[in-house]
Amino acid sequence: MNATPTATPLEPYVLADDPVLDLLNTQANVDAVPVDFWQHDADVTRWLVRLGWFREGEIPEFEAGALLAAARHLREVIRGLLEQRKAGQLGDPAALNAFLRKAVSYPQLLWTAPGELNLHRQRKQQTPEQFLAPLAEAAADLLVNADFELIRTCEHPECVLWFYDRTKAHKRRWCSMALCGNRHKVAEFRKRKLKP
Ligand SMILES: [Zn+2]
């Protein structure tokens, strides 16, 4: 029987257990071929809504291609810093700091219901960089506060997906059992069968 070819997923994987690491996972190897799930502005906005960074209708209009370019740039900046942090190196935070410097936000009081006064953070969103500031801030927070022992990439040699191991035993090895865990099991099984 022929193996069923894996269909290319239409949407990026969401499996990192962390929204910043899932940002990195918008680039992945699908059947050993590198795929960037972000090809258009709409791919970025769909992902932002799906991951809960923004709600539908909260996305401002930018010049065509501007959001895609800024999001890809931010993704590369964050990827570089995370990889270096994971490798125990002192990454240069200048590019991420440049992003953070553009962020403008201030708290505003808001009655959300009678008797319920809340403080909401308002953000300027005049540029894609300002709009993406919450991602830059979350990445900065992760770099400072995360346990990098628990931030790992999938053990499968062809897989580049990241995750934050929040399991109790901290023994997570795969991006997901369905994607790589089973592939590994099948390969191990074949190896055993081939041994004389
Ligand atoms: Zn994997």
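Please treat every number below as a calculation from the coordinates, not as lab data. Predicted model, so just to flag it, every value in this text is computed and none were measured. Cβ coordinates were reconstructed from backbone atoms using ideal geometry, including for glycine residues, and neighbour counts include every protein chain displayed.
With θ taken as phi - 60° and the Karplus curve 6.51 cos²θ - 1.76 cosθ + 1.60 applied, the whole-hertz 3J(HN,Hα) list for the stretch 51-58 is 7, x, 5, 9, 9, 4, x, 9 Hz, x standing for glycine and proline. With a threshold of 29 Å on the Cα-Cα distance, the over-threshold entries among K86/K171; K168/K193; K86/K185; K171/K193; K171/K191 are K168/K193. Calculated over the stretch 147-196, the projected area of the Cα convex hull averaged across directions stands at 4.2 nm². Across the stretch 14-21, rounded Karplus estimates of 3J(HN,Hα) from the backbone phi angles (6.51 cos²θ - 1.76 cosθ + 1.60, θ = phi - 60°) give 10, 8, 7, 6, 6, x, 6, 5 Hz, Gly and Pro being marked x. Averaging the sequence gap over all C-alpha pairs within less than 8 Å and six or more residues apart, then dividing by the number of residues, gives the chain a relative contact order of 21 percent. Could you tell me the relative contact order of the stretch 147-196? Use alpha-carbon pairs under 8 Å, at least six residues apart, and round to a whole percent. After rounding, I find 27 percent. The alpha carbon convex hull volume per residue for the stretch 117-170 rounds to 139 Å³. For the chain, the alpha carbon positions stretch 72, 40, 34 Å along the principal axes, listed from largest to smallest. Based on Cα contacts under 8 Å between residues 6+ apart, the stretch 110-196 shows a relative contact order of 14 percent. For the chain, the list of Cys residues with no other Cys C-beta under 4.7 Å reads C180.
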